[in-house]
1. Cβ contacts < 6 Å: first residue touching a residue at least 40 places away in the same chain (Cβ under 8 Å), restricted to segment 48-67; second residue part of a loop (DSSP other than H, G, I, E, B), any location; separation 6+ or different chain. Result?
2. Quick one: which helices (runs of 4 or more DSSP H) sit completely within segment 158-199 and have at least 2 residues that are exposed (fewer than 13 other Cβ atoms within 10 Å of the Cβ)?
3. Residues in segment 27-40: is at least one assigned to a helix (DSSP H, G or I), modelled with pLDDT of 90 or more, open to solvent by 50 Å² or more (accessible area, probe 1.4 Å) and within 19 Å of residue 138 (Cα to Cα)?
4. If you scan segment 18-47, which residues turn out to be free of Cβ contacts under 8 Å to residues at least 24 places away in the same chain and under 24 Å from residue 162 (Cα atoms)?
Amino acid sequence: MRRHILMGMHQYLSGLNELEMITRAPGYFKYQPHSVAAHSWKVAEAAQFLGDIEEAHGKEVDWRMLYEKALNHDITERFIGDIRTPVKYASSTLRHMLADVEDTLSDNFIRTEIPEELQEVYTRRLHEGKDDTLEGRILSVADKVDLLYEAFGELQKGNPEPVFTEIYKESLETIFAFRDMPSVAYFIKEVLPELLNEHFPGSEKLQRIYIGIFNAD
């Protein structure tokens, strides 16, 4: 007789510890390592700030959906880890292949480890949250805001790894692409100038990158 297996949330909850052990930007020297778990929390905070600005400008924010997207956007990295940024963005084909792998592993995990009555909601939470909804667009920006600050922090400390300049530039480019959003316009006008006003060896180069992107419009 086949033994009946009771599925609870143990594997899901215990797996959250793994996100504390996965270091972002693996393979590069860092003065201040960041975990996927810490990144998810910071993205949720950034998304909350951006959502506040959107709401202040008359936009209707689905806060439950926004928090779900922000907190869970990288949870599938417990299955495959954090892929090095240049590898991840080497080609659109590779990005789609990695997304397919994540979806397959997530679907299998949900089917085998999540109680049936919760599978629908976790199917939503454990799949790509960056979409054309307001909440999905906020997530896209919030993710890059945290990435921008991670890279800036390393460059400010004098990290010689070129990848952090690349990450800084790519983050600004993505943020600039969402400049039609009130929250992004606010970030560009009120927050970025403070960041760019930080002076340290090499800061002029970062200012030139900013000017090259934001004066291209």
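The values are calculated or read from the model by the stated rules, or taken from the named source; none is laboratory data. On a predicted model such as this, the values are computed, not experimentally measured, just so you know. As a convention, Cβ positions derive from the backbone with ideal geometry for all residues, glycine included, and neighbour counts pool all protein chains shown. In case anyone asks, the SASA skips ligands and DNA or RNA and just uses the protein heavy atoms, side chains included. Shrake-Rupley method; radii C 1.70, N 1.55, O 1.52, S 1.80 Å.
1. Note: pairs meeting the criteria are 51/61; 54/61.
2. Ranges flagged: 192-196.
3. Scanning segment 27-40, I find no residue that is assigned to a helix (DSSP H, G or I), modelled with pLDDT of 90 or more, open to solvent by 50 Å² or more (accessible area, probe 1.4 Å) and within 19 Å of residue 138 (Cα to Cα), so the answer is no.
4. 33, 35, 38
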